[in-house]
Amino acid sequence: MRRLEQQGFELVQWPKDSSMPRETLLKDVRGAEGIICMLSDKIDKQVFDAAGPQLKVVSTMSVGYDHIDLRTAKEHGVKIGYTPDVLTDATADLTVLLTLAAARQMKSGVRAAETGEWREWRPDWLCGYQFKGKTLGVVGMGRIGQAVASRLKAFGIDRVIYWGRNEKPGLKESLNAHFVTFDELTSTSDFIVACCALTPETKDVFNYDAFKNMKKNAIFVNTARGGVVDQDGLVKALQENLIAGAGLDVTNPEPLPTDHPLFKLDNCVILPHIGSATIEARETMGDMCVDNVLAALKNESIPFGLKY
Ligand code: DGY
């Protein structure tokens, strides 16, 4: 805000620490030359139309951009800025955290310690799974997927496989990672992490059949978008113990209602979409948003822009 104000821009902003209500967005966006938005703001045709023809840039404080209608942006000649790279480490760290938490029954362990369920040391109580010699399957081997794989290799993962739109050059050499079919990934991985963008191809890709195809000891982790999982299918799979556990940083919807069945499952750890929530990442993301807006309003090419 300070940087934009110093440049003499008039800022119209939502002053509360919550998403801007849709009606306010549609009203306040009128006449804007730039929009800074969050992943919770749906920037669709209605918003582009409400803004008007002077709109030059939409700058989202996120690496994901599934909330922005790119086709309409293109039609309106509006640049789209986002925040790649800077949140890779933070998100990969949190993916590891959730993988460990789900694999080692952290939810039940914390509850037991806090409630008195913790009695004497017992040899078979709250046993989970370790990584040594296991197979990691990554869906979406982009920056974050690769960072997760290299971290988990340090925990002893033996085989890394991945699935996505195409095979990525160099990954055999750098991570000894192999491109496989979705079916092979789900049926042979011990740990499965979703790090992909939400697209028509990945929407609901983790459905009941996919979970049914997984190993009984499989741990599923999603730090991508809630929309890549058919949540009813996941609930059923966890209830039927088709897989051993799940760790979710993203859900559908967000926030997930507190009475949702996923919260009732001991084998499901849920965090409130905090993958990139480190001070370092968020401060840099904010600066990148402003860099994008400032460049676009000077009619320069934007430093962190989407090519679409
Ligand atoms: C993103 O940037 O898309 C993450 O989901 C939140 O930082």
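Laid out as a table, the results:
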{"read-out": "Extension gain from residue 263 to residue 166, taking 0.36 nm per residue of separation minus the Cα-Cα distance", "value": "31.4 nm"}
{"read-out": "Simple label model, 7 Å out from Cα along Cβ direction - residue 19 to residue 115, nm", "value": "3.1 nm"}
{"read-out": "Expected-Rg normalisation [2.2 N^0.38 Å, Cα atoms] applied to the stretch 265-308", "value": "1.75"}
{"read-out": "Filtered GluC sites (Glu not before Pro), the stretch 205-308: DSSP coil and at most 11 other beta carbons within 10 Å", "value": "240, 300"}
{"read-out": "Potential lengthening between residue 178 and residue 252 on full extension [0.36 nm per residue; Cα-Cα distance subtracted]", "value": "23.6 nm"}
{"read-out": "Lys, Arg +1 and Asp, Glu -1 on Cβ, resulting dipole of the chain about Cα centre, debye, nearest 20", "value": "440 debye"}
{"read-out": "Theoretical gain in end-to-end length, residue 203 to residue 38 [0.36 nm per residue, Cα-Cα removed]", "value": "57.3 nm"}
{"read-out": "DSSP bridge pairs, the chain: antiparallel proportion in percent, nearest 5", "value": "5 percent"}
{"read-out": "Normalised contact order of the chain, rounded percent, pairs of Cα under 8 Å and 6 or more residues apart", "value": "19 percent"}
{"read-out": "Per-bin percent of Cα-Cα distances, the stretch 58-159 [5 Å]", "value": "2, 10, 15, 15, 12, 11, 11, 9, 6, 4, 2, 1, 1, 0"}
{"read-out": "Over the stretch 187-261, volume per residue of the alpha carbon convex hull, in Å³", "value": "80 Å³"}
{"read-out": "Proxy reagent accessibility, fewest Cβ within 10 Å first, across 37, 289", "value": "37, 289"}
{"read-out": "Global size of the stretch 88-270 as Cα Rg and Dmax, reported in angstrom", "value": "15.9, 52"}
{"read-out": "Low-density loop cleavage sites - GluC sites (Glu not before Pro) in the stretch 1-110, where at most 12 other Cβ are within 10 Å (DSSP)", "value": "10"}
{"read-out": "Dimensionless Rg/Rh of the stretch 155-194 - Kirkwood Rh, Rg from C-alpha atoms", "value": "0.94"}
{"read-out": "Share of alpha-carbon pairs per 20 Å distance bin for the chain, given as whole %", "value": "31, 52, 17, 0"}
{"read-out": "FRET efficiency for residue 7 and residue 72, using Cβ-Cβ distance with R0 set to 30 Å, rounded to 0.05", "value": "0.65"}
{"read-out": "FRET efficiency for residue 217 and residue 287, using Cβ-Cβ distance with R0 set to 35 Å, rounded to 0.05", "value": "0.25"}
{"read-out": "The stretch 114-171: Cα Rg divided by the 2.2 N^0.38 Å rule of thumb", "value": "1.65"}
{"read-out": "C-alpha center-to-center spacing [the stretch 137-163, the stretch 246-288] in angstrom", "value": "20 Å"}
{"read-out": "Charge dipole magnitude, Cβ of K and R +1, D and E -1 - the stretch 88-270, Cα centre, debye nearest 20", "value": "420 debye"}
{"read-out": "The chain: angle of helix 143-153 to the longest principal axis, Cα-based, in degrees nearest 10", "value": "20 degrees"}
{"read-out": "In the stretch 70-151, the trypsin sites (Lys or Arg not before Pro) that fall in loop regions by DSSP, at most 14 other Cβ within 10 Å", "value": "119, 132"}
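Bear in mind that the values in this text are calculations on the coordinates, not laboratory data. Because the structure is predicted, anything quoted here is derived from the model rather than measured. Neighbour counts run over all protein chains shown; Cβ positions are idealised from the backbone, glycine included.
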